[in-house]
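Accompanying notes for the structure given below.
Since every read-out is calculated from the coordinates, none of them should be taken as a lab result. Note that this is a predicted model, so its numbers are computed, not measured. Note that each Cβ is placed from the backbone with ideal geometry, even for glycine, and that neighbours are counted across all protein chains shown.
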Amino acid sequence: MTTDVHEGPLEAAPAITPPVKKTWREQRWERRRRRIWLEEALAWILVPVIVLGGYYLIDSGLNALGTSPAAIIAGISMIASGL
């Protein structure tokens, strides 16, 4: 078993200061900033999922009814050209 022997002057321990408590405004700002980042991340993920899901939902519904978006657009253009 060995022991460490320190030769020379003793060093003073650094003073430990208590952490500075943030004001309520700073805390509110941090919460708001975190919420904004979370909302942005969710928006970048959920908006494309919702748009693609809506398209496939409409496409599936029209296929179940025996038609397609292309047929509906062709019918609307034929009606518009007859006016």
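Near E39, within a Cβ-to-Cβ distance under 12 Å, what is the net charge of the other residues, with Lys and Arg +1 and Asp and Glu -1?
+3
Give me D for the chain in µm² s⁻¹, whole number, from Stokes-Einstein with Rh from the Kirkwood sum over alpha-carbon pairs, 4 °C and 1.567 mPa s.
It diffuses with D of about 63 µm²/s by this estimate.
Could you check which residue among A70, A43, A15 shows the biggest mean-square fluctuation in a GNM of the chain with a 10 Å Cα cutoff?
A15
What dipole magnitude, in Debye to the nearest 20, does the range 24-82 give about its Cα centre under +1 on Lys/Arg Cβ and -1 on Asp/Glu Cβ? Spell out each step's value before the answer.
On the way: 7 positive and 5 negative charges, 111 e Å.
Value, rounded to 20: 540 debye.
Given only helices, namely DSSP H runs of n ≥ 4 each adding -39500 (n - 2.57), what is the per-residue ellipticity at 222 nm of the chain, to the nearest 500 deg cm²/dmol?
Mean residue ellipticity at 222 nm (helix-derived): -23500 deg cm²/dmol.
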